[in-house]
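The values are calculated or read from the model by the stated rules, or taken from the named source; none is laboratory data. Small disclaimer: the values here were computed from a predicted structure and weren't measured. Accessible surface is based on the protein model in full, side chains and every heavy atom, while ligands, DNA and RNA are left aside. Shrake-Rupley method; radii C 1.70, N 1.55, O 1.52, S 1.80 Å.
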Amino acid sequence: MRAAQPVQKDGPRINDEIRSREVQLIDQDGANHGVVEFRAAMEMAEQAGLDLVEISPNSTPPVCKILDFGKYKYQAQKKAAEARKKQKIVEIKEIKLRPMIDDHDYDVKMRSMKRFFEEGDKVKVTLRFRGREMAHQELGVQLLDRVKGDTAPVAKVEQEPKFEGRQMIMVLAPR
């Protein structure tokens, strides 16, 4: 029987959680004190009324900094929230075509496709064959080549056209 592993907390170790005899110490002003005994580093942190935080645990000896841990956590949270806000979720929009599509209908579909690319979304072009259209699959290939050529300045082909049952699928991504 093995003892249960201690629960790993996320975030850096602070104060008495640090398990090292010596630490590379950086004080609250950013001055490097070099390798210092852990006890002496803890005393310096207590005198300053701050916490001793393990910044780089994998180095030998671990790098510790004297700082206000609450403020440090708050800054890290703000930074993570800012990164999430700037993140763009790429959606996949679908455009459905038929092999015998009329020119005006094709132009309308192309305009909406270009709008999707401007918004930063990917476009899945689905070409559906019905009934006897399956006998003329080359028309579908020609149509998808035309789409590929018309969108070349604003988009690149992410997935080449391929058959899935009665339909051909191609995925385009913005440049």
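How long are the semi-axes of the equivalent ellipsoid of segment 71-155, defined as square roots of 5 times the Cα gyration tensor eigenvalues? Whole Å, largest first.
Three semi-axes, in Å: 41, 13, 9.
Alpha carbon centre of segment 82-125 versus segment 20-81: separation in Å?
Using only Cα atoms to place each centre, the spacing works out to 50 Å.
In a solvent-free Debye calculation with one equal scatterer on each Cα, what is log10 I(q)/I(0) for the chain at q = 0.09, 0.12, 0.17 Å⁻¹, listed in the order of the q values?
Evaluating at q = 0.09, 0.12, 0.17 Å⁻¹ gives log10 I(q)/I(0) of -0.59, -0.66, -1.00.
Based on the inverse mean of 1/r over its pairs of different Cα atoms, what is the Kirkwood hydrodynamic radius of segment 100-149, in Å?
Working: mean 1/r = 0.0828 Å⁻¹.
Across segment 100-149, the inverse of the average 1/r is 12.1 Å.
Skip the ligands, DNA and RNA, and give the accessible area per residue of segment 38-166 with a 1.4 Å probe, whole Å². Don't skip to the answer; put the middle values down first.
Working: 8670 Å² over 129 residues.
Accessible area per residue: 67 Å².
Lysines within cross-link reach of LYS156: Cα-Cα under 30 Å, excluding same-chain residues under 8 positions apart?
Excluding near neighbours in sequence, the set is LYS85, LYS86, LYS88, LYS93, LYS96, LYS109, LYS114, LYS122, LYS124, LYS148.
Based on the Kirkwood radius over alpha-carbon pairs, what is the Stokes-Einstein translational diffusion coefficient of segment 16-109 at 37 °C with 0.692 mPa s viscosity, in µm²/s?
It comes out at roughly 190 µm²/s.
Divide by every residue of the chain the summed helix terms, -39500 (n - 2.57) for each DSSP H run of at least 4, and state the resulting mean residue ellipticity at 222 nm, rounded to the nearest 500 deg cm²/dmol.
-11000 deg cm²/dmol
Under 14 Å Cα to Cα from LYS71, which aspartates and glutamates show up? Leave out anything in the same chain fewer than 8 places away.
Qualifying aspartates and glutamates at Cα under 14 Å: ASP51.
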